[in-house]
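First up is the structure itself, then whatever we jot down about it.
The values are calculated or read from the model by the stated rules, or taken from the named source; none is laboratory data. Keep in mind the model is a prediction, meaning the values are calculated, not measured. Here Cβ is always computed from backbone atoms with ideal geometry, including for glycine, and neighbour counts include all displayed protein chains. Areas reflect the complete protein model, heavy atoms only, side chains present, ligands, DNA and RNA absent. Shrake-Rupley method; radii C 1.70, N 1.55, O 1.52, S 1.80 Å.
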Number of protein chains: 2
Amino acid sequence: MVTITDVARAAQVSKKTVSRVINDHPDVADATRQRVQAVIDALGYQPSMLARGLVQGRSNTVGVIIDESAEDVFGYPLYSENLRGISRVLSRHNFDMLVHFARHETSYTDLYYQRRVDGLILMSMPVDNPFLPVVLGGDIPYVLTQRVSDHEAPAHWVDVDFESGAVQALEHLWALGHRQFAFLIGPPNKTYARLLLRGYRQALADRGQDIREDLIVRSQPYISASKTVVTALLERPDPPTAFACSDDMMAIQVIQLLQKLGYQVPGDLSVVGSDDALIARLASPLLTTIHQDAYRKGSLAAEMLLEQLGKQVNSPSSRQVLLPTELVVRGSTGPVRSR
Amino acid sequence: MVTITDVARAAQVSKKTVSRVINDHPDVADATRQRVQAVIDALGYQPSMLARGLVQGRSNTVGVIIDESAEDVFGYPLYSENLRGISRVLSRHNFDMLVHFARHETSYTDLYYQRRVDGLILMSMPVDNPFLPVVLGGDIPYVLTQRVSDHEAPAHWVDVDFESGAVQALEHLWALGHRQFAFLIGPPNKTYARLLLRGYRQALADRGQDIREDLIVRSQPYISASKTVVTALLERPDPPTAFACSDDMMAIQVIQLLQKLGYQVPGDLSVVGSDDALIARLASPLLTTIHQDAYRKGSLAAEMLLEQLGKQVNSPSSRQVLLPTELVVRGSTGPVRSR
DNA sequence: TTGAAAGCGCTAACAG
DNA sequence: CTGTTAGCGCTTTCAA
């Protein structure tokens, strides 16, 4: 492996001069620069980031931690989009990312202390992760891709405005004449599920209506309520005319269930999802859903982290960013059916 | 940041002795070891992999390259599973992974020369990637997660036996009485699509039947043929009674299309997918599909790479591994409908 | 069983 | 504009 010393010797200059050339330092005579560059090209020299990192005390590397307890979630396209967003921004700034799947019980600060990553992006970290306080209270640069409780010290995070998305979805359904709603919602310990439900609840309250607790059905992410449960919902007095689901997979399953039960979607019943995953644009009918920009969430997280590291980034600085959501109206919602 | 020097000073020993302790070197007196360890714990010392990597000439890091031209593919759950498999094995051996999204035109050998990763895992690298020969012909340890042409020098890869999966699927359909098959297949430049089709073609040939070229429909991954095309297929003389799709997303779209056209699946028509993604287990009807173990593919790739790096791994060594596929029979295939 | 010295490949500080 | 010296934090000789 060719080193800076090799280049210096071959170009008849000092190592420092070579260093200046590869770092685009201005104080180098053009002639020298060209000579050195020629040698660099000829020898195929590539500077070692390892050595550079050691002496500079930073590695130009960011650690991305994905909590393994989000394993059930990980098959989902949004994660990959987050990663792509992060990666794109980082590579623009000559950073690389060390991706780490963390078990709940292992400290992810090791990446910082051992690998000397310059900062951490914590993806989908559960709020009760035991090592979270260490990061939030320490001096490790970090960004969370999920908000943490408002009561804590102001943390760095990007998140998606699920509540607003839910409000938009309900407004849409309301305008279509729907008044009875069923909610198929992920488990309460998932923040997004809580927030969506809160949004729906608020939007209903604004219209003078209480959410009907008997029409809220909890299930695991991506797995909708069973046929039995859905049937039971529809047999209640004042049955729901619209189903709001906390992700697109659930929504699509519900649609299929309803179709199998002989209902038309959106003719008889309406369904909205959340996320706007690829599948929402492929299902039949096309899914009306709450769009979130997962790529942007990732790229923004990276930008926020780079800014903490003193880099100049495009977006204005802020400790906490709530990305907007937008209801995408497609084919799974329609006017309430007159009886 | 506390260094080995701090520990040495505090423990009244030389740096080398501390080094021996953290590397579990045998030649240390128990008393010394304990004293040093106590200091390490007290100070919270973590050795810098950067410094260690510099002196040892290896970084205990693996580069994982995901070709960006596979962008359309990346929303798909299998990728994430590959990554999880890689990560799990690596961390067991104290390796970390540097994940890099490579554009087609940028050389991914930079990771090796600049970041000094010890080896590369190339995910979904197109066979015509211009830098592939550099890796295959060079002395960089690597593993591909996709086979390359048999005519090349023997390369290191793990792949999935799509052909065998297709054969199994066709056998299953044949046994159910199906004789006319439509194939909704990804683009020809995708290896998996080629191999699936080859398997189907072979299985048909073994039964004395030629594949009907007019029943082969090409489309992009995850996007099935349109309603018009599917309708046209069904209006051909001797229409297909079964649809074989090259991924689960396509299969599910086709099922929905068929249902919308008034057909029962599997009552009137059968559909098989490929991959066994999460969605296959959630769709309605549950999808009969060709299962592949994406997690295993990742973990095996990591093991193969570590072995090249001289590590002791579980699996026996081999340059090329073809992981088995298995047809999972669920609800989307049934006996051909008697007319 | 332990330590001193040297050096991995690079850059920072300071001269010249 | 260029070079010298020193040193980042660790491991590797080689001696003691």
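Yes/no matrix, rows are residues, columns are (1) touching a Gly at 6+ places or on another chain (Cβ under 7 Å); (2) more than 9 Å from DNA strand D (Cβ to nearest atom); (3) of a type outside the set (Phe, Trp, Tyr):
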{"residue": "A:Val2", "(1), (2), (3)": "yes, yes, yes"}
{"residue": "A:Asp30", "(1), (2), (3)": "no, no, yes"}
{"residue": "A:Arg33", "(1), (2), (3)": "no, no, yes"}
{"residue": "A:Val39", "(1), (2), (3)": "no, yes, yes"}
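Of all residues in segment A:267-298, count the ones that are part of a strand (DSSP E or B) and surrounded by fewer than 24 Cβ atoms within 10 Å (Cβ to Cβ). Talk me through it step by step, then tell me what you get.
Residues of segment A:267-298 that are part of a strand (DSSP E or B), as a first pass: A:270-275, A:288-291.
Retained after the next criterion (residues that are surrounded by fewer than 24 Cβ atoms within 10 Å (Cβ to Cβ)): A:291.
Final tally of qualifying residues: 1.
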| query | When you scan segment B:152-185, how many residues do you find that are part of a loop (DSSP other than H, G, I, E, B) and open to solvent by 10 Å² or more (accessible area, probe 1.4 Å)? | reply | 9
| request: Within segment A:229-262, work out how many residues are closer than 18 Å to A:Val329 by Cβ and within 14 Å of chain B (Cβ to nearest Cβ). | output: 7
| Here is a list of conditions, (1) under 32 Å from the mean Cα position of the chain (by Cα); (2) buried (at least 22 other Cβ atoms within 10 Å of the Cβ), and A:Val18 meets all of them except one; can you say which number that is? | (1)
| said: Looking only at segment B:24-53, filter to residues that are within 27 Å of A:Arg52 (Cβ to Cβ) and within 12 Å of DNA strand C (Cβ to nearest atom); which one of those is farthest from the other protein chains (Cβ to nearest Cβ)? | reply: B:Arg52
| said: Could you list, ordered by first residue, the pairs with Cβ atoms under 9 Å in which the first is in segment A:59-80 and charged (D, E, K, R) and the second is at pLDDT below 60, at least 6 apart or interchain? | reply: A:Glu68/A:Phe74
| message | What's the total number of residues in segment A:239-263 that are closer than 17 Å to A:Leu176 by Cβ and either part of a helix (DSSP H, G or I) or acidic (Asp, Glu) (or both)? | response | 3
| field | Test for A:Leu195: is it farther than 25 Å from A:Val336 by Cβ and more than 14 Å from chain B (Cβ to nearest Cβ) | value | yes
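Here is a yes/no grid of residues against (1) within 9 Å of chain A (Cβ to nearest Cβ); (2) within 30 Å of A:Ile40 (Cβ to Cβ); (3) not in a strand (DSSP E or B):
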| position | (1), (2), (3) |
| --- | --- |
| B:Asn82 | no, no, yes |
| B:Val89 | no, no, yes |
| B:His100 | yes, yes, no |
| B:Arg115 | yes, yes, yes |
